[in-house]
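*Asks:* Have a look at this one.
The values are calculated or read from the model by the stated rules, or taken from the named source; none is laboratory data. None of the values given here were measured: they were computed from a predicted structure. Don't worry about glycine lacking a Cβ; one is built from the backbone with ideal geometry, like all the others, and counts go over all protein chains shown.
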């Protein structure tokens, strides 16, 4: 009887084990199927995310817009393309002390809206119109920065000759450039190659240009078929030695040479610091041969102190009627200095004030005092001979000009500057000159020019 019960129990246990094993097998099969389905869903989700990431990478990213000190820049997210809007407005009041000088006047000296851009990393462009007075295009060029040592520029730009002329208008020591800059060309159309060598301590520039006379800019029309070559070499040998006393020293020389013809090829006239013509050629005088400009130049900046010096020799072959060709060689010099009273660093690129003008905060910006002596010596040959043969009239044109200037610059912010300049111009006359009492050169010229400038 007992064996029978044991047999029945064993049979029941066996049946239960078989049933349990079958259930577990079904459960494992279901679990495998669930895992496979889950794995498939994960793969689908991962692929969908990959597609989203690829689409996001391919989609154009929003541009980055920045604004500082009035300057607005729109740049691509990767920084390879940009568009920058800048501007310059200069409003003057000019006072003259003599009856033979112009009337005192308010004047908008410059009004410019400047567009600068960059694309494809190496290409950039500048478009700068002048909106005050005669509307004109000052700069319009494209630059390819192949490497720091090799840049190519094509279009209209500043001629690489005069040191003060190459300095940006808003940052010069004085409201008006010196009379020496009147003997250097301003802007021309052509092709230029330039770059920095030897650890960016030496800059070279070579340009092939249509050619413009002293103190002139291209009107967009070439006056003859000849071309001008301009070259400049400028070194800042201690620029990489931050602790050197000579860190802010720069020296160089520039030359331009070409053949010029017609009246458009010679200087229209030379101006005083007060922007009045003190020398003009006779209307019948034309350029009739080679022209050469040479200018050794340099600057030195150390802390709040700045010094800029330049000497210019300008020669050109001219002719009056059929009286033969004569070479005229004029000389000029400029020595300018500045000291920032509030201690900010001085530089060729200007002064950046540590504070802005804010009476409520008790801050006043930065102040700089400046001084200058400059002069022009006209070749005596232009006044030689009888009246019918002279190249210039000694009764209306001076043979020499010496100018003295002092000034105060107030930097209310990085973008706003006020300048107060007093200029005194002394004329030397050619032998036998008898200018009319109303002529500019009949008496020394003293001029006060005040300016409020916004540059951004």
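*Asks:* Can you name every residue in segment 237-269 that is assigned to a loop (DSSP other than H, G, I, E, B) and buried (at least 21 other Cβ atoms within 10 Å of the Cβ)?
*Replies:* Residues satisfying the conditions are 248, 266, 267.
*Asks:* Of these, 178, 168, 147, which one is surrounded by fewer than 21 Cβ atoms within 10 Å (Cβ to Cβ) and either more than 23 Å from residue 112 (Cα to Cα) or touching a strand residue (DSSP E or B) at 6+ places or on another chain (Cβ under 6 Å) (or both)?
*Replies:* After ruling out the rest, the residue left standing is 147.
*Asks:* Considering only residues that are touching a strand residue (DSSP E or B) at 6+ places or on another chain (Cβ under 6 Å) and not in a strand (DSSP E or B), look in segment 441-452 and name the one that is surrounded by the fewest Cβ atoms within 10 Å (Cβ to Cβ). Don't jump to the end; show me each part of the working.
*Replies:* Of all residues in segment 441-452, those touching a strand residue (DSSP E or B) at 6+ places or on another chain (Cβ under 6 Å) come to 441, 444-452.
So of that shortlist, the ones also not in a strand (DSSP E or B) come out as 441, 444.
Numbers: 441: 27, 444: 12.
So, considering only residues that are touching a strand residue (DSSP E or B) at 6+ places or on another chain (Cβ under 6 Å) and not in a strand (DSSP E or B), the one surrounded by the fewest Cβ atoms within 10 Å (Cβ to Cβ) is 444.
Here is a yes/no grid of residues against (1) within 22 Å of residue 267 (Cβ to Cβ); (2) touching a helix residue (DSSP H, G or I) at 6+ places or on another chain (Cβ under 9 Å):
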position	(1), (2)
140	no, no
143	no, no
154	no, no
158	yes, yes
161	yes, no
164	yes, yes
172	yes, yes
175	no, no
178	yes, yes
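*Asks:* When the residues of segment 411-434 are narrowed to those that are in contact (Cβ under 8 Å) with a residue 60 or more places away in the chain and assigned to a strand (DSSP E or B), which ends up farthest from residue 384 (Cα to Cα)?
*Replies:* 411
*Asks:* Same structure again: So, residue 136, is that one touching a strand residue (DSSP E or B) at 6+ places or on another chain (Cβ under 8 Å) and closer than 24 Å to residue 153 by Cβ or not? Please lay out each step first, then the result.
*Replies:* Working: touching a strand residue (DSSP E or B) at 6+ places or on another chain (Cβ under 8 Å): yes; closer than 24 Å to residue 153 by Cβ: yes.
For residue 136, the condition - touching a strand residue (DSSP E or B) at 6+ places or on another chain (Cβ under 8 Å) and closer than 24 Å to residue 153 by Cβ - is met.
*Asks:* Going by what's in this entry, would residue 130 be described as closer than 27 Å to residue 192 by Cβ and either in contact with a helix residue (DSSP H, G or I) (Cβ under 6 Å, 6 or more places away or on another chain) or without any contact (Cβ under 8 Å) to a residue 24 or more places away in the chain (or both)?
*Replies:* So residue 130 passes the test.
*Asks:* Quick one: what pairs do we get from segment 48-69, first residue closer than 30 Å to residue 412 by Cβ, second modelled with pLDDT of 80 or more and assigned to a loop (DSSP other than H, G, I, E, B), C-beta under 9 Å, 6+ apart or different chains?
*Replies:* So the pair list comes out as 64/76; 64/77; 68/414; 68/456; 69/413; 69/414; 69/415; 69/456.
*Asks:* For segment 182-203, what are the residues that are surrounded by fewer than 21 Cβ atoms within 10 Å (Cβ to Cβ), part of a strand (DSSP E or B) and over 17 Å from the mean Cα position of the chain (by Cα)?
*Replies:* Correct list: 191, 197, 202.
*Asks:* For segment 378-401, how many residues meet the condition of being crowded, with 17+ Cβ neighbours inside 10 Å and in contact with a strand residue (DSSP E or B) (Cβ under 9 Å, 6 or more places away or on another chain)?
*Replies:* Adding up the residues that qualify gives 12.
*Asks:* Can you name every one of the strands (runs of 3 or more DSSP E) wholly within segment 1-113 that holds 2 or more residues which are modelled with pLDDT of 80 or more and under 30 Å from residue 277 (Cβ atoms)?
*Replies:* Here the list reads 82-96.
*Asks:* A further question follows. Determine, yes or no, whether residue 368 is touching a residue at least 24 places away in the same chain (Cβ under 8 Å), part of a strand (DSSP E or B) and farther than 29 Å from residue 267 by Cβ.
*Replies:* yes
*Asks:* Given the residues 312, 328, which is the only one that is under 24 Å from residue 423 (Cα atoms) and touching a helix residue (DSSP H, G or I) at 6+ places or on another chain (Cβ under 7 Å)?
*Replies:* Working: 328 fails: under 24 Å from residue 423 (Cα atoms).
Answer to the check: 312.
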